[in-house]
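Visitor: This is the structure I want to talk about, given as structure tokens.
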């Protein structure tokens, strides 16, 4: 990392033990917790159905409820860290994550696994909420933007490697090995939190209920909530792919768990390219029009999934790639637009964005779990519907005077 991230120039706290590179690496590591906690055991999900003597829908609940309780946890960990400090809250959350990961590996039936995954999700929420707060505590201006870019890149690259790691673990041990690996990740993060210096040197003196109450203030912002609900819709389709991908490739197309991990990673590569494509195109095309173009591509990609995606695993992968690229391409301007509508309360706004996106995604994950229609057809239809509704809503909202354009 370049010398410009000099810890002597940080806003508040020097990291005595981690140093500049170690501290940034630790934050980036925390930012990757979600894809690590979900994608690493996706290749094992079809086998878990037989191993636990259960149904696809119940196994899928280990993902769906993880995201629901992760969203709920994220809303509360941030305010708690404002009042009590980042380090103690992070240690509590990561401790819950570590213990829950061990218990997941020991689960004797699917219901016990679901229960432990809920606790794992709650602990995982601390990693996301507190790591974002630590960036704000420590870095300012252009440096903060660069650190955010590093963290977001780490979070985006994790889905590329996680299923591959999971497939190798599955070939050597079983699905329980994935949770043992996550427990090791949790133990490493606890160690990092122990040696980390506290970054919040101005803890809130307000009562905790008043701090959490700022979420309600932001939720009353018409412009913010209009954009949030509109942009969250695509997550219904996107997260349905996370849930159903292993069943589509392994059970539906009959590919191996290892080959499935390669197809999944190929899709994730285009998620990584999305923000870079936006930075290039933004020099020539306005954000308003780029959003229109992106959602048009998403609709066309959904049509391809429905029409040719059922033919082969390669065609399914190729049909879905445009939606993945376009969806992540508008991630930066989409978030910036929503934050722009809020004057202050940035932390509460960020919590709501994360929470609402996750809740919408959980609905898509739950919907794809039912077997009332072919999963590929249902997923493609979700992309078509979400893309069409959002495109129409954006055309209308972009003209409203109360929407602050950037």
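The values are calculated or read from the model by the stated rules, or taken from the named source; none is laboratory data. From a predicted model like this one, the values you see are computed outputs, not experimental measurements. Cβ atoms come from the backbone with ideal geometry, glycine included; neighbour counts cover every protein chain shown.
Visitor: Going residue by residue through region 74-87, is there one that turns out to be modelled with pLDDT under 85, assigned to a loop (DSSP other than H, G, I, E, B) and on the phi > 0 side of the Ramachandran plot?
Guide: Among the residues of region 74-87, at least one is modelled with pLDDT under 85, assigned to a loop (DSSP other than H, G, I, E, B) and on the phi > 0 side of the Ramachandran plot, which makes the answer yes.
Visitor: Just checking, which of 321, 384, 339 is farther than 30 Å from residue 45 by Cβ, touching a helix residue (DSSP H, G or I) at 6+ places or on another chain (Cβ under 8 Å) and part of a helix (DSSP H, G or I)? Full working, then the answer.
Guide: Numbers: 321 fails: farther than 30 Å from residue 45 by Cβ; 384 fails: farther than 30 Å from residue 45 by Cβ.
Answer to the check: 339.
Visitor: In addition: How many residues are within 18 Å of residue 375 (Cα to Cα) and surrounded by fewer than 20 Cβ atoms within 10 Å (Cβ to Cβ) if we restrict to region 264-298? Lay out the reasoning, then the answer.
Guide: Looking only at region 264-298, we keep the residues that are within 18 Å of residue 375 (Cα to Cα), and these are 264, 267, 298.
Then keep just the ones that are surrounded by fewer than 20 Cβ atoms within 10 Å (Cβ to Cβ); that gives none.
Counting residues in region 264-298 that are within 18 Å of residue 375 (Cα to Cα) and surrounded by fewer than 20 Cβ atoms within 10 Å (Cβ to Cβ) gives 0.
Visitor: May I ask you to verify whether residue 87 is surrounded by fewer than 18 Cβ atoms within 10 Å (Cβ to Cβ), farther than 18 Å from residue 175 by Cβ and in contact (Cβ under 8 Å) with a residue 24 or more places away in the chain?
Guide: Considered against the rule, which asks whether it is surrounded by fewer than 18 Cβ atoms within 10 Å (Cβ to Cβ), farther than 18 Å from residue 175 by Cβ and in contact (Cβ under 8 Å) with a residue 24 or more places away in the chain, residue 87 comes out as no.
Visitor: Only one of 111, 97 is part of a helix (DSSP H, G or I), surrounded by fewer than 17 Cβ atoms within 10 Å (Cβ to Cβ) and not assigned by TED's automatic domain parsing to the domain that holds residue 364; which?
Guide: On the way: 97 fails: surrounded by fewer than 17 Cβ atoms within 10 Å (Cβ to Cβ).
Going through 111, 97 in turn, the sole match is 111.
Visitor: So residue 299 ticks every box in (1) touching a helix residue (DSSP H, G or I) at 6+ places or on another chain (Cβ under 6 Å); (2) at pLDDT 80 or above; (3) within 30 Å of residue 62 (Cβ to Cβ); (4) assigned to a helix (DSSP H, G or I) but one. Which box is left unticked?
Guide: (3)
Visitor: I'm checking my understanding of the structure. Among residues of region 368-378 that are part of a helix (DSSP H, G or I) and modelled with pLDDT under 85, which one is farthest from residue 228 (Cα to Cα)?
Guide: Initially, region 368-378 is screened for residues part of a helix (DSSP H, G or I), giving 368-369, 375-378.
Remaining after also requiring modelled with pLDDT under 85: 368-369.
Working: 368: 23, 369: 25 Å.
In this case the residue turns out to be 369.
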